[in-house]
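Peer 1: I have a structure here, written as structure tokens, and I will follow up with some questions on it.
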Amino acid sequence: MRILITGGAGFIGSHLCDRYLADGHDVIAMDNLKTGSTDNIAHLAGHPRFNFIHHDVTHYIYVAGELDQVLHLASLPSPVDYLNYPIQTLKVGALGTHNTLGLALAKQARYLLASTSEVYGDPLVHPQNESYWGNVNPVGPRGVYDESKRFAEALTMAYHRYHAVDTRIVRIFNTYGPRMRADDGRVVPNFINQALRGDPLTVYDHGKRTRAFCYVDDLVEGIVRLMESDLEGPVNIGNPTEVTIVEFAKLVIEAVGSQSELTFVIPEDERTRDDPKQRCPDIGRAREHLGWEPNVALPEGLLRTTAYFRDRLDRA
Ligand code: UDP
């Protein structure tokens, strides 16, 4: 197959490039390099089945030749990024999704929208299954991300219903692993880098909120299976092992072998406003229809991710 991956120089996108190349496909990565980095795909330079196009998907997309699949991963998924770039966040979710859907229609390609657990907002249902409609504040600081992805899902379904585009929607829950940006502000790179430096881990507010963290290889496997399936509606992919942020901090300290302590801080900006109190995927649909479930437990995934960040710190 010939596959286009937007956000292909990003954290998850670059792992998808690796996977589809390893499976023998031709891969085109597209990225505007705003938050993605060529470091993530440097090892693919010169690969005979790999191409990179430096392009912003909010502008008209031109790709020569046939495409079998379009995977739209381009996004600004970190709360700090969407506070700093609220308009770009809305544009990539709305205009970027429109352009990539138009491309999929023109090429008669199968389409994947990378959506998010944020469509559930601060959920009133726990764990979250795909039939829950969510609890999102449209005018809060997270609204720019959440609503752009909710719009993107609606647009994807409209292209499916009106234009019969063969669509898939994955709702990604907190995924982590090598190639996360060290400074993207999310809890995984923050805590690991703080622990590696022996600094206190910055637990926001009281640390009692929960998340469920999925290792990137598990997510990639889930996405590949979803693309091979005939599931048109949204599918949660995530690891249902739920931890509080304080528990998570202790696991990071253990994985790093650090003496760091925890410090409880109230961020001055709006990053924790509307911060979901609890989040955990119900993965029944993926289990039943894709035969998928995560294989990498949190301590193991943290060891692998720590090795990546340790290496980067050593080189810096
Ligand atoms: N968080 C924290 N310290 C940090 C970064 C994040 O306590 O240095 C908290 C944050 O408030 C949230 C959780 O960790 O409750 C996960 O935040 P993240 O930014 O990773 O992503 P989210 O799941 O909110 O999209």
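The values are calculated or read from the model by the stated rules, or taken from the named source; none is laboratory data. In this text the structure is predicted, and so the values were computed from the model without any measurement. Neighbour counts run over all protein chains shown; Cβ positions are idealised from the backbone, glycine included.
Peer 1: Residues being farther than 17 Å from G96 by Cα and either surrounded by fewer than 20 Cβ atoms within 10 Å (Cβ to Cβ) or at pLDDT below 95 (or both): count how many of those fall in the stretch 19-49.
Peer 2: Residues of the stretch 19-49 that are farther than 17 Å from G96 by Cα, as a first pass: 19-27, 37-49.
Next cut, either surrounded by fewer than 20 Cβ atoms within 10 Å (Cβ to Cβ) or at pLDDT below 95 (or both) only: 19, 21-26, 37-39, 42-43, 45-49.
Total satisfying the criteria: 17.
Peer 1: Hey, can you tell me all the residues within the stretch 126-136 that are under 16 Å from Q278 (Cβ atoms) and either in contact (Cβ under 8 Å) with a residue 60 or more places away in the chain or surrounded by fewer than 19 Cβ atoms within 10 Å (Cβ to Cβ) (or both)?
Peer 2: Correct list: H126, P127, Q128, N129, Y132, G134, N135.
Peer 1: If G198 satisfies every condition in (1) in contact (Cβ under 8 Å) with a residue 40 or more places away in the chain; (2) surrounded by fewer than 18 Cβ atoms within 10 Å (Cβ to Cβ); (3) within 15 Å of the ligand (Cβ to nearest atom) but one, which is the exception?
Peer 2: (3)
Peer 1: Any residue at all in the stretch 218-236 that's more than 9 Å from the ligand (Cβ to nearest atom) and farther than 20 Å from E293 by Cα? Reasoning before the result, please.
Peer 2: At the first step, the residues of the stretch 218-236 found to be more than 9 Å from the ligand (Cβ to nearest atom) are 218-236.
Then keep just the ones that are farther than 20 Å from E293 by Cα; that gives none.
No.
Peer 1: Any residue at all in the stretch 146-160 that is away from the ligand (no atom under 15 Å from the Cβ), more than 26 Å from G102 (Cα to Cα) and in contact (Cβ under 8 Å) with a residue 60 or more places away in the chain?
Peer 2: No, the stretch 146-160 has no match at all.
Peer 1: Identify, by number, the condition in (1) assigned to a loop (DSSP other than H, G, I, E, B); (2) touching a Lys or Arg at 6+ places or on another chain (Cβ under 8 Å); (3) within 13 Å of the ligand (Cβ to nearest atom) that R211 doesn't meet.
Peer 2: (1)
Peer 1: If you don't mind, there's one more thing I want to ask. Take the stretch 163-177 and flag every residue that is more than 8 Å from the ligand (Cβ to nearest atom), touching a residue at least 24 places away in the same chain (Cβ under 8 Å) and either surrounded by fewer than 20 Cβ atoms within 10 Å (Cβ to Cβ) or closer than 21 Å to Q278 by Cα (or both).
Peer 2: Within the stretch 163-177, H163, D166, V170, R171, I172, F173, T175, Y176 meet the criteria.
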